[in-house]
Amino acid sequence: WRWGFTSCLSFYSILNELNDYAGQREVVAEEMGHKVYGELMRYSQDLKGERKHHLQEGRKAQQSLDQCWKHMDNSKKKFERECKEAEKSQLIYERLDSDINATKSEVEKAKSQLYLRQHMAEESKNEYAAQLQNFNSEQWKHFNVAIPQIFKNLQDMDGRRTVKLGEMYQSFAEVEQRVIPIISKCLEGMVTAAKNVDERRDSGIVVESFKSGFEPPGDFPFEDFSQNIQRTGSDGTIGTPKTEGGKPDPKHAVSRTKNKLWLFGKKPKAPTLEDLSHLPPEQRRKKLQQRIDELNKELQKEMDQRDALNKMKDVYEKNPQMGDPGSLQPKISETICNMEKLRSEIHKNEVTFPEDHPEGSYTDDHSQEHRSPPQPDPHEFDYEFDDDDPLPAIGHCKALYSFDGSNEGTLVMKENEVLYIIEEDKGDGWTRVRKQGGEEGYVPTSYVEISLEKNSKGAVTYI
């Protein structure tokens, strides 16, 4: 704050007060984490276990009642079956007893069978009555004792949960209440800082700092062009003009005045070119290197962000309750797109980076400040490449995304397209590949899934 502007000093004071305000919010967050959130999480786990126990008791009571009903139903069906058999035996006995052709042994046998069936039916009846009485008793206990007790336990548990919530609400309010006085002081400090802003003082500082010191321009002199004509009454000849040595030239005065009025006009702007070609070679080299370093820092940040998102996605895939892995994919794609843009900018600046050759030629025209590199003979190196074979493939890759290949030296590829690798990534984010048709070029490494051959550097697959 070397200028001492009251608006800047007030802003600095407000930042200090905001720092204290943020500290109090951190205190609230810590208290909430330890006393409120932590206590609620522990109590919630206890309630889950207790609720599970009560529900298990309810299921056991229901299973016991179902078992009693099953025994009662089986005894009922058995009693019904034995009664039908007894009725059938009675009909057989009555038919044989009234038949004059039936022998005495047949009648006695039918009679004994009737007595046996009647005895079995009586036993089934007694068993059915006992099972029915037992089921009715168990059903009464189930609906009048067991289930009400289970519901009462659940109701008591929910009541304790509600009371605990009220206690946590009170704890939260008490934490906020403790920091309110300090926060009020911070806000009062902000109000005081806002009132200390003095627009007249700030304006005076600007005037004192940037005043030109120029004197206001004087009045323009009257230019009498009739002085050059000398008239006489006798001969009417034209005399020679008279000049005063100390009289200033009005044109020069106007030019000086115009030079003083640039404060309210537009200054001439220096030419700004994207490749900084208007600068001298050494200065241009420094500027380009500075720009490349800044882009590399931004690229590293994007790479770190991509790695963090991938780790978070793995955590979400292993623990789906923590979050949806699909929600991170748009952010990962955006980060990859930003990385490719930064790599493209780095590559563009590296291409325009000046070479370390002092013998570069310059044009004689001073209006052109671009350095022109020496042009080699187009036939000088023809013999070196006439018989060269294409580079061997060291692996293959599969395109994960489409790439338009708009930059010079890049290759257009489509999604899921298989390409041959002829040169690995040298650390700049680009891999040299060849299509099956023989077309070669560079593609972004992060856009392809690479598999190198074992005889080159071992089978490696990465994205």
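Nothing in this text is a laboratory measurement; each read-out follows from the coordinates by a stated rule. Treat the numbers as computed from the prediction; the structure is a model and nothing was measured. Here Cβ is always computed from backbone atoms with ideal geometry, including for glycine, and neighbour counts include all displayed protein chains.
Kindly put 140, 69, 430 in sequence by how many other C-beta atoms sit within 10 Å of each C-beta, fewest to most. Display every interim value, and only then the final one.
On the way: 140 10, 69 14, 430 21.
Listed from fewest to most nearby Cβ atoms, that is 140, 69, 430.
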Requested in this report: Taking amide H positions as placed in the peptide plane 1.01 Å from N, state which residues far from residue 441 in sequence (5 or more) or on other chains have amide H under 5 Å from it.
Outcome: 433
Query raised in the report: What ranking of 337, 83 emerges when the number of other C-beta atoms within 10 Å of each C-beta is taken as an exposure proxy, fewest first?
Result: 337, 83
Report task. Using the charge dipole of the range 281-351 (Lys, Arg: +1 at Cβ; Asp, Glu: -1 at Cβ; taken about the Cα centre), state which of 310, 292, 326 has its Cα farthest towards the positive end. Result -> 292
**Report entry** Cβ-Cβ FRET estimate between residue 398 and residue 95, R0 fixed at 60 Å, reported to 0.05
**Finding:** 0.10
Requested in this report: Evaluate the relative contact order of the range 281-351 (contact order divided by residue number), counting alpha-carbon pairs under 8 angstrom at least 6 apart; express in whole percent.
Outcome: 45 percent
Report summary line: Listed by chain and number, the residues whose amide H is under 5 Å from that of residue 400, excluding neighbours fewer than 5 places away on the same chain and using placed H, are 416, 448, 449
Query raised in the report: Got the relative contact order for the range 6-195 handy, in percent, Cα pairs under 8 Å and 6 or more residues apart?
Result: 46 percent
Query raised in the report: How large is ³J(HN,Hα), in whole Hz, for each residue of the range 125-140 in order, when computed from phi with the Karplus curve 6.51 cos²θ - 1.76 cosθ + 1.60 and θ = phi - 60°, using x for Gly and Pro?
Result: 5, 5, 5, 5, 5, 5, 5, 5, 5, 5, 5, 4, 5, 5, 5, 5
Query raised in the report: Which value, in debye to the nearest 20, describes the size of the charge dipole of the range 6-195 about its Cα centre when Lys and Arg Cβ atoms bear +1, Asp and Glu Cβ atoms bear -1, and nothing else is charged?
Result: 320 debye
Report summary line: When the charge dipole of the range 6-195 is computed with +1 at the Cβ of Lys and Arg and -1 at the Cβ of Asp and Glu, the Cα pointing farthest to the positive end, of 165, 47, 140, is that of 140
**Report entry** Summed residue charge, Cβ within 14 Å of residue 43's Cβ, Lys/Arg positive, Asp/Glu negative
**Finding:** +2
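Given the pairs 398/426; 301/331; 318/341; 297/331; 77/125; 398/435, which span a C-alpha to C-alpha distance of over 22 angstrom in this model?
Values: 398/426 19 Å; 301/331 14 Å; 318/341 32 Å; 297/331 20 Å; 77/125 10 Å; 398/435 11 Å.
Pairs exceeding 22 Å: 318/341.
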Report task. Assuming R0 = 35 Å, can you tell me the calculated FRET efficiency for the pair residue 439 and residue 315, based on Cβ-Cβ distance, to the nearest 0.05? Result -> 0.25
Report summary line: If 162, 6, 352, 335 are placed from fewest to most neighbouring beta carbons inside 10 Å, the sequence is 162, 352, 6, 335
